[in-house]
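K.L.:
Structure incoming, see below.
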Amino acid sequence: MDTKQSLAALIAETIEECYMGIDGLPTADEISGFLEIPPQKEMGDYAFPCFKLSKVLRKGPPMIASTLAGAIGANDLARAEQMGGYLNFFLQRDNFAQKTLETVLASGEAYGSGTEGEGKTICLDYSSINIAKRFHIGHLSTTMLGHSIARIYRFLGYKTVGINHLGDWGSQFGKMIYAYKTWGTREEVEKNGVPELTRLYVKFHEEAEKDPSLDDEGRRWFKAIEEGDEEALSLFNWFKELTLRDAKPVYDMLGVEFDSYNGESFYVDKTDAVVEELTEKNLLTLSEGAKVVDLDEENSGMPPCIIIKKDGTTIYATRDIAAALYRKKTYDFDKCLYVVAYQQDLHFRQWFKVIEKMGYEWSRDLVHVAFGMISYEGQSLSTRKGHVLYLEDVLNMAIEKARAIIEEKSSNLENKDEVARQVGIGAVVYADLQNGRIKDIDFHWDRVLSFDGESGPYVQYTHARCCSALRKAEGLEAVEPDYSALSDDYAQELLRQLSRFPETVREAASRYEPSIITRAVTELCKAYNKFYYENRIMVDEAPVREARVRLTRAVKNTIKTGLYLIGMEAPERM
């Protein structure tokens, strides 16, 4: 039992003793959820808001707080004080240090994990690269958010299913075929791969601006794909093969894997069943020649969801509905998360509502995990206009820049290439997951690769610093630690950061927000560096040294775990 749980159990016990026989008193688990961190350190380590008890006890919060504070007083766990309507706790520092370190070190790198997800499945639809286009920096957020969320849920015991819902359907593929047949050669495409397809795609749009009839040619070739034309399908599948081959090195660099690559085209033959079911349930109406589902019965202001366009073809929503039905049947998910930019919010709200109107209660388990857009040093990106920054190039550039910095700062480091890879890629990942996912990101090298302040290299360097301190302690005789050596403010703040890590993981999971872990690990690193500068680890007094070594080991393990959960590696030397 950790300190917070122990505190909650103490409060529950005291409430029961002071107000025996009253129904509706909160359990220890409920009290644990009510506990708050006071806004100022002088106000204690934890606070229990007694207004949570006012209704059931029919007393004012200050009176309740006063009664409980008098009953608890001071003990080995904490000293209780009334502060207005709050019951504030000041932890007994030696005891807090011992309990926290015993809990963290007993779990090792599994500290903060859980079993609450056992028997439950989370589907994650993320990355979703487009066929015949290179993996660019605009796909970084969806890829790393999805990857991190999957790791967080697995850490809590859930089964996760990663789905790369490929963008492999639409008239653009007809345009791609026309461009290839008009201006391309198989030799050039085989030689240069997706970059050559991108060149052809850009050329098509340049030429179509001068001759709009080319758009008709593109539509004609896409119709050939839809109708199963042998040549059109052969080229279409070839483009997919080239794209996945091109993307694999990037996924490998990021450590990302998927369980399914079923894209839009996989669900095309499943849309007829969707239309049939919507028809049977009298949900389809005609609107300007299109078949739609009306969503405005409750004056929600939501426009109708188009299912069949007036030309008789399906759209994204139809295929997304088919995909959701397929995934529920195949994986029986408890939640299906869609990690897609916030611009698609209306699209998801529309077809989620259609699923609900179809009578499926699990529609509430469909979640749009929205995120902001990414730009590069102030410039927005557009494949069509040729303004694009490829992610593989960004990662390789980050590795090169990291190696140059390491060469300057740590010229004697043996495995510079490996550390440069870890630091360079980690810097890019950290920059993407540093702030709340809904915020737009402007990618700047000077901030990304900084070793000072809030950055990936700073966090990784702190982990390496912990490893260095632990190497110096190797071989020393083990003694009983003197936990009073961890009673200073710097050690206590560090212990507080450690003790809150399990809550951090669960909050990140419940909000689909990896930045919560990124920020927590950063604050942990800041607290350790302050502790490190104020307290020598390798002192002569063995019990003091042992306590500080144990604290360092606990911090090192937790940093490594936190970095893993956001998709970063933790170098042991830098």
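The values are calculated or read from the model by the stated rules, or taken from the named source; none is laboratory data. As the structure is a prediction and not an experimental result, all values here were calculated from the model. So basically every Cβ, Gly included, is an ideal-geometry build from the backbone, and we count neighbours across all protein chains shown.
K.L.:
Does Arg327 qualify as being surrounded by 15 or more Cβ atoms within 10 Å (Cβ to Cβ), charged (D, E, K, R) and closer than 16 Å to Asp272 by Cβ?
P.N.:
So Arg327 does not fit the description; no.
K.L.:
Being within 17 Å of the chain's Cα centre (by Cα), at pLDDT 95 or above and assigned to a loop (DSSP other than H, G, I, E, B) is the filter here; which residues of the stretch 118-150 pass it?
P.N.:
Listed by number, the residues that qualify are Tyr126, Ser127.
Matching residues to (1) over 29 Å from Ser510 (Cα atoms); (2) not charged (D, E, K, R):
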| site | (1), (2) |
| --- | --- |
| Asn396 | yes, yes |
| Lys409 | yes, no |
| Asp417 | yes, no |
| Ala420 | yes, yes |
| Trp445 | yes, yes |
| Glu454 | no, no |
| Gln460 | no, yes |
| Ala469 | yes, yes |
| Leu476 | yes, yes |
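K.L.:
Check whether at least one residue in the stretch 520-530 is in a helix (DSSP H, G or I) and either at pLDDT below 95 or of a type in the set (Phe, Trp, Tyr) (or both), and report yes or no.
P.N.:
Of all residues in the stretch 520-530, those in a helix (DSSP H, G or I) come to 520-530.
Then drop every residue that is not either at pLDDT below 95 or of a type in the set (Phe, Trp, Tyr) (or both), which leaves 528.
For the stretch 520-530, residues in a helix (DSSP H, G or I) and either at pLDDT below 95 or of a type in the set (Phe, Trp, Tyr) (or both): present.
K.L.:
Tell me which residues, restricted to the stretch 446-460, are in a helix (DSSP H, G or I), under 22 Å from the mean Cα position of the chain (by Cα) and not polar (S, T, N, Q).
P.N.:
If the condition is that a residue be in a helix (DSSP H, G or I), under 22 Å from the mean Cα position of the chain (by Cα) and not polar (S, T, N, Q), then Arg447, Val448, Gly456, Pro457, Tyr458, Val459 are the ones that fit.
K.L.:
Return yes or no: is Asp345 among the charged types (D, E, K, R), in contact with a strand residue (DSSP E or B) (Cβ under 7 Å, 6 or more places away or on another chain), within 23 Å of Gly301 (Cα to Cα) and not assigned by TED's automatic domain parsing to the domain that holds Ile441?
P.N.:
yes
K.L.:
Hey, could you check the stretch 526-551 for residues that are under 15 Å from Leu101 (Cα atoms) and buried (at least 23 other Cβ atoms within 10 Å of the Cβ) and say which is nearest to the chain's Cα centre (by Cα)?
P.N.:
Tyr528
K.L.:
For Ala97, are the conditions met, namely being buried (at least 20 other Cβ atoms within 10 Å of the Cβ), under 30 Å from Arg548 (Cα atoms) and touching a helix residue (DSSP H, G or I) at 6+ places or on another chain (Cβ under 6 Å)?
P.N.:
Considered against the rule, which asks whether it is buried (at least 20 other Cβ atoms within 10 Å of the Cβ), under 30 Å from Arg548 (Cα atoms) and touching a helix residue (DSSP H, G or I) at 6+ places or on another chain (Cβ under 6 Å), Ala97 comes out as yes.
K.L.:
So, one more: From Ala317, Ala323, grab the single residue that is free of Cβ contacts under 8 Å to residues at least 60 places away in the same chain and either farther than 25 Å from Lys120 by Cβ or part of a helix (DSSP H, G or I) (or both).
P.N.:
Ala317
K.L.:
List every residue pair whose Cβ atoms lie under 6 Å apart, where the two residues are 6 or more positions apart in sequence or sit on different chains, the first residue falls within the stretch 95-113 and is more than 17 Å from Gly157 (Cβ to Cβ), and the second residue, located anywhere, is not in a helix (DSSP H, G or I).
P.N.:
Matching pairs, first to second residue: Asn95/Asp76; Thr103/Asp2; Val104/Tyr111.
K.L.:
Right, something else. Regarding the stretch 225-241, can at least one residue be identified that is under 30 Å from Gly567 (Cα atoms) and free of Cβ contacts under 8 Å to residues at least 60 places away in the same chain?
P.N.:
Among the residues of the stretch 225-241, at least one is under 30 Å from Gly567 (Cα atoms) and free of Cβ contacts under 8 Å to residues at least 60 places away in the same chain, which makes the answer yes.
K.L.:
Hey, among Gly119, Gly84, which residue is surrounded by fewer than 15 Cβ atoms within 10 Å (Cβ to Cβ) and in contact with a helix residue (DSSP H, G or I) (Cβ under 8 Å, 6 or more places away or on another chain)?
P.N.:
It is Gly84.
K.L.:
Now, a different point. Please work out if Ser455 is touching a residue at least 40 places away in the same chain (Cβ under 8 Å), out of contact with any Pro (no Cβ under 7 Å at 6 or more places or on another chain) and surrounded by 13 or more Cβ atoms within 10 Å (Cβ to Cβ). Steps first, answer last, please.
P.N.:
Working: touching a residue at least 40 places away in the same chain (Cβ under 8 Å): no; out of contact with any Pro (no Cβ under 7 Å at 6 or more places or on another chain): yes; surrounded by 13 or more Cβ atoms within 10 Å (Cβ to Cβ): yes.
Taking the combined requirement at face value, the residue does not satisfy it.
K.L.:
Mind checking which residues of the stretch 405-449 are over 23 Å from Leu140 (Cβ atoms) and among the polar types (S, T, N, Q)?
P.N.:
Ser410, Ser411, Asn412, Asn415
K.L.:
Okay, moving on. Looking at the stretch 407-445, which of the residues that are part of a loop (DSSP other than H, G, I, E, B) and aliphatic (A, V, I, L, M) is surrounded by the fewest Cβ atoms within 10 Å (Cβ to Cβ)?
P.N.:
Once the filter is applied, the top-ranked residue is Ile438.
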